[in-house]
Amino acid sequence: METPTVHHGAMFDTNELVLNMGPQHPSTHGVLRVVLRLDGEKVVDADVVIGYLHRGIEKLSENRNWTQIILLTDRMDYVAAATSNVGYCETVEKLMSLEVPRRARYVRTILCELQRIASHCLWVGTHAMDIGAMTVFLYAFRERELILDLFEEFCGARLTYNSMRIGGLPLDIPPGWDKKVLEFCKIMDSKIDEYETLLTHNRIWLERTRGIGVISGPEAAGLGLCGPVLRGSGVPRDVRKDEPYAAYDEMTFDVPLGTSGDTYDRYLVRMEEFRQSLRIIRQAAEGIPDGPIVGKVPRLIKPPAGETYHAIESPKGELGFFIVSDGKSTNPYRFRVRSPSFCNLQGLRRLVRGHLVADVVALIGSIDIVLGEVDR
Amino acid sequence: MPDDPKAPEAHAPKAAVPAGPPDPAPPADLAPPAFLASLSEAIADGIAQTSYFVGDWTVVVPVARLLDVARHLCDAPDAAFDLCSDVTASDWPTRPQRFDVIYCLYSTRHRHRLRVKIRAAEHEGVPSVSGIWPGANWLEREVYDMFGVNVTGHPDRRRLLMPDDWQGHPQRKDYPLEGPGELLMENPIDWLKLRQARDEADIE
Amino acid sequence: MIDQLVIPLVKILIVLNATLVGVTYMVLLERKVIAWTQSRLGPMRVGPYGALQPIADALKLMIKEDITPVRADKWVFTAAPIVAMVPALIVYAVIPFGDTVNLFGREIPLYITDINVGLLYIVSVASVGVYGIILGGYASNSKYPLLASLRASAQLISYEVAITLTLVSVILVAGSLSMVSIVRAQESAHVWFAFLQPIAFVIFFIGGLAETNRSPFDMPEAEQELTGGFHTEYSGMRFALFFLAEYANMIVVASVATTLFLGGWLRPFPNVAWLSFLDVIPSWTWFLVKSFGFLYIFIWVRATLPRYRYDQLMRLGWKVLIPLAIANLVITGIVKVLLL
Amino acid sequence: MITPTHYMLLSAALFIIGVIGVMVRRNIIIIFMSIELILNAVNINLVAFSREWQHAVGQVFAIFVVAVAAAEAAVGLGIILAFYRNKETVNIDEMNLMKW
Amino acid sequence: MGQAIAFYTLSAFILGFAVLVVSTKDTVHSVLFLVLDFLFVAALYVLLGAPFLAAIQVLVYAGGIVVLYLFVVMLVNLKRSPEAHHDPHRRARLGFVLAALVLIEVGAIAAYSAGGPVRPAAPQAPPTAAATAVSAMRAVGNTEEVGWLLYTNYLIPFEVASMLLLVAMIGAIVLAKREL
């Protein structure tokens, strides 16, 4: 006992404790790092550190031609790759003032909504898992698998689809695919009820999510939150309704809104979005028009000089592309992605303040981030 | 560590780089939206240029009036741009005011969009709008991180995506496509030693 | 000599081994039941339907590298899993697995010992088990385990109070602290104490979930919050000991619940004469069936419910369960006095 | 044959170890633990005599001692925590002021 | 014989761990030795025919009080060891001297009583009515015996003890809580 005493309690003060959550932590959904300042178990402040998955997609795109970039957009929100494809292609089409055939727009709508369901499946699974309900995770993945099968049939890939081309689609839908989509809708209906049976009226679930991370509508908008997080606070903002793209102007659907802006409302909004997505898919799949799948696209894609911003509603929120073309080269001069996960993650610091460590996990789950999209 | 003066000079921009986006003026038969008229009424020298391209309205604003314009656009009832959906920049190195800083605004009440654009020189201070839209906080940090735009009055101006000790600003057009790390790869053993020493310092 | 030494030693050997085997298969059972709940198959590769999976797991854990963190308190770090495991095992000394059986012309009772203060023994030994968790978290010299171990010890101590209070009301009804006498009391009362003490039974069940760190009270090892809980830094056999201790504790809780509330080794409806053909089935079978029914509910709960938050758990323990347990105790006392 | 004298000697030895702990150590937590040792020494004596006299009253007193020890530990440790929060020390020698 | 072996083994452990409690530098180790010490004292109680008290010793001391100590040791973040502090006014040797005095006294008692065991000719039952009831209860068991005494003869001390615990609990909360 001659060695100097090491006091193992040294890191545990009665005052404040700095806890480093991540980048290797099971519930930060990737490589997010949150530095928490704790008073006991209460969060005094949080610093969100990102950039661990930064691959420089914006910079890379400046040296790829316009078609090659579609491939890069797959790697941003890798659980909803088709949505990013659609967003990018629409932006370039806007820049080139291209007309997209109706058939292609319908298929895009179906793909976007299937992707929304797949993404929300992943979200409900991991969110429930974060709060400790492990069964929902596997149920949700079971249904996500069906969607991946549909995508595999459409474009041959299951995760990074590269499923869009500027001006339309790379391939027509396989015969009978729309029937399969409708069949899937029928299955999915009952499965959503299954998730809700496990969670929506569960007392522990209510206690864990109600009143956690409350944010008012104006504050959420000011923080730049978007998508279900913003709608959970009661702001009627949905790009599909406000600035319709693809074939959304021909669809009827409702935008679910929350009232109190807490984790539970965000959960309810997303659960209702499942149903609305199914509704859109049914309308689109039943009414796919005949016609070409690609518009009049020049062989060499070279948009005129100019810049534009175009947004679509990805499962996480407003996914915007800001593209500057110099009109001379075959690659964009500036390619910028306004990713919804990035903007939503910014609100985490505001949301977690005053809550407990366990709520931090619930809140990271409730804003539904994909780190590939945050860091790009 | 804002700017390493050596790095940009080493890779001078190519002559082919254009001098900026065209920013075409709106066609004569298209009336600008009402909030632009009231904006130029409220702040006389607020708008330097108005442009319209593929359906998007853009106003170019002098850097000095940025905060006034932003405040007006946020608060005026006919504009009510409560959502700052994006802040980004583009780099035109041949221009004296090399940076375009672009603010994409959206109004959840009126459901209209507007892009506000300022032109800033390399070290010119660009006032932060995060006091008006708290959501601009990270977006401005990213602009600072990627372009080195000198955002002033920002509550928390640190690098966002790149490591804190990174040299240079990667999204600039004159940023070398081989980063400093790659340059050190010419002598990998020294580089590994250096990195290990740094890692150990970090752990301690 | 045989009665004094050999038979007890043989009994201890059997119980210890049966417990360890039971614990390993408990892990398999849990994985299987949860898998079925989640429309999966669970382990299928090792042996038929994964029946040999526990052996493979044990082998894997034994040959894994045993890592001690550099700045850990080495002695305490090594001692902690042992401290967790030992109380979980020695509790089995007083649990009556069955009635007496006739073997080789000897009357052998199917329990290691029946001490006068059996129930108190269980409670006090179980209260020592918390040291394993505190020390494990402390000795790792790491923040997450430390947070988890503080949570765990506070949780265990709080729910111990509620559980002990329910046990007192059972003691009031049974009139004895001896486990065997409590079963006999249920036999002579012609009713399981679960029906006489339904509130106590429910509190005991909830408290049992919390005492064994089971979902929805698995805060101390909440993977999503505290990475791995108090055993984050443990690996290999030392981790296995923690793991086994947890499952051994689950079996203890199930056994105690069976003995106190579900009539122990008694067949269902011990007072109904026409069911006496059930007596053919040996008494220990009933005990096992009841215990595993109880354990099945434990697993079922885990597959179904989300996790409580730490403060909610404490609130439930102190503001709901303990007052309920005290009220139950008072009412039991009054009824007992009035009936006598 | 183990007589009460043996128990008394054991108890006395434990008592002395406790006293030495109280006198020599400066960490107030260790001092508290030494006091617990002293209380245990007393309890051993009580229980030993309880058996010797074949009367449970000794055990009853031992239970009271345990209760007092629990109360003492709760209040004492509360004081230590409060003191530590203000002075960042648990050294008995530094606790020489009536206020802090 | 068996009893003697048990007694000497237990005594050795009790005294050994007690010495470790007061001599170990690391406070957490000290607390651990205290737990072990208490467990062996509990074993001694079993040897003395007091299983109820043994269970209480484990439950209250080992499972309760010492956990409290462990908590405090972990909460109190020691930046420097208290033993590192030197107070010129402190006379640590005085402790040893006092302890030696007590030791001499005990030795004297032992020597004085060495002539014969301190054992009365016969157990003298206290001449109260309750005590006779106790002797009647003796056959039933140790727990019942203790319980009977606690709730008859010593009811008032028992209630006082419970009041003491209540007061201690309130006091501890008031002391430890930062703001009420």
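Summary table
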{"quantity": "Residue, farthest from the chain's Cα centre (by Cα), within segment D:22-49, restricted to residues that are part of a helix (DSSP H, G or I) and at pLDDT below 85", "calculated": "D:VAL24"}
{"quantity": "Residues within segment E:69-87 that are out of contact with any Leu (no Cβ under 6 Å at 6 or more places or on another chain), within 7 Å of chain D (Cβ to nearest Cβ) and at pLDDT 80 or above, tallied", "calculated": "2"}
{"quantity": "Test for A:LEU206: is it modelled with pLDDT under 85, assigned to a helix (DSSP H, G or I) and touching a Phe, Trp or Tyr at 6+ places or on another chain (Cβ under 9 Å)", "calculated": "no"}
{"quantity": "Residue list for segment E:3-32, restricted to those being within 21 Å of D:VAL22 (Cα to Cα), at the interface with chain D (Cβ under 9 Å from one of its Cβ atoms) and among the hydrophobic types (A, V, I, L, M, F, W, C)", "calculated": "E:ILE14, E:LEU15, E:ALA18, E:VAL19, E:VAL21, E:VAL22, E:VAL31"}
{"quantity": "So D:ALA62, is it touching a His at 6+ places or on another chain (Cβ under 9 Å), assigned to a helix (DSSP H, G or I), facing another protein chain (nearest Cβ under 7 Å) and buried (at least 20 other Cβ atoms within 10 Å of the Cβ)", "calculated": "no"}
{"quantity": "So E:GLY2, is it modelled with pLDDT under 90, closer than 19 Å to D:GLU72 by Cα and not assigned by TED's automatic domain parsing to the domain that holds E:MET169", "calculated": "no"}
{"quantity": "One residue from C:TYR25, C:TYR92, C:TYR49 being within 22 Å of the chain's Cα centre (by Cα), surrounded by fewer than 18 Cβ atoms within 10 Å (Cβ to Cβ), part of a helix (DSSP H, G or I) and not hydrophobic (A, V, I, L, M, F, W, C)", "calculated": "C:TYR25"}
{"quantity": "Check on D:ILE92, over 24 Å from E:PHE7 (Cα atoms) and either more than 7 Å from every other protein chain (Cβ to nearest Cβ) or of a type in the set (D, E, K, R) (or both)", "calculated": "yes"}
{"quantity": "Residue in segment B:126-140 that is within 19 Å of B:PRO24 (Cα to Cα), within 12 Å of the chain's Cα centre (by Cα) and either part of a helix (DSSP H, G or I) or of a type outside the set (Gly, Ala, Ser) (or both) present", "calculated": "no"}
{"quantity": "Condition met for C:SER124 (assigned to a helix (DSSP H, G or I), without any contact (Cβ under 8 Å) to a residue 12 or more places away in the chain and more than 22 Å from E:GLN57 (Cα to Cα))", "calculated": "no"}
{"quantity": "Residues (more than 20 Å from D:ALA62 (Cβ to Cβ) and more than 7 Å from chain E (Cβ to nearest Cβ)) located in segment D:12-36", "calculated": "D:VAL22, D:ILE28, D:ILE31"}
{"quantity": "Residues (under 16 Å from the mean Cα position of the chain (by Cα) and among the aromatic types (Phe, Trp, Tyr)) located in segment C:107-133", "calculated": "C:TYR121"}
{"quantity": "Filter pass, C:SER124 being crowded, with 19+ Cβ neighbours inside 10 Å and touching a helix residue (DSSP H, G or I) at 6+ places or on another chain (Cβ under 9 Å)", "calculated": "yes"}
{"quantity": "Qualifying residue in segment A:52-61 (condition: among the basic types (Lys, Arg) and surrounded by 20 or more Cβ atoms within 10 Å (Cβ to Cβ))", "calculated": "no"}
{"quantity": "Matching residues, segment C:128-152, being surrounded by 23 or more Cβ atoms within 10 Å (Cβ to Cβ), within 12 Å of chain E (Cβ to nearest Cβ) and polar (S, T, N, Q)", "calculated": "C:SER149"}
{"quantity": "E:ALA54, sole failed condition from (1) surrounded by 23 or more Cβ atoms within 10 Å (Cβ to Cβ); (2) at pLDDT 80 or above; (3) closer than 29 Å to C:VAL161 by Cα; (4) at the interface with another protein chain (Cβ under 7 Å from one of its Cβ atoms)", "calculated": "(4)"}
{"quantity": "Sole exception among (1) part of a helix (DSSP H, G or I); (2) β-branched (Val, Ile, Thr); (3) more than 30 Å from C:TYR111 (Cβ to Cβ) for C:THR68, by number", "calculated": "(1)"}
{"quantity": "Residue selected from segment A:156-168 under the condition touching a Phe, Trp or Tyr at 6+ places or on another chain (Cβ under 7 Å) and buried (at least 21 other Cβ atoms within 10 Å of the Cβ), by the criterion nearest to the other protein chains (Cβ to nearest Cβ)", "calculated": "A:ILE166"}
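The values are calculated or read from the model by the stated rules, or taken from the named source; none is laboratory data. All figures in this text were calculated on a predicted structure; none of them were measured in a lab. Counting neighbours? That spans all protein chains shown, and the Cβs are built from the backbone with ideal geometry, glycine included.
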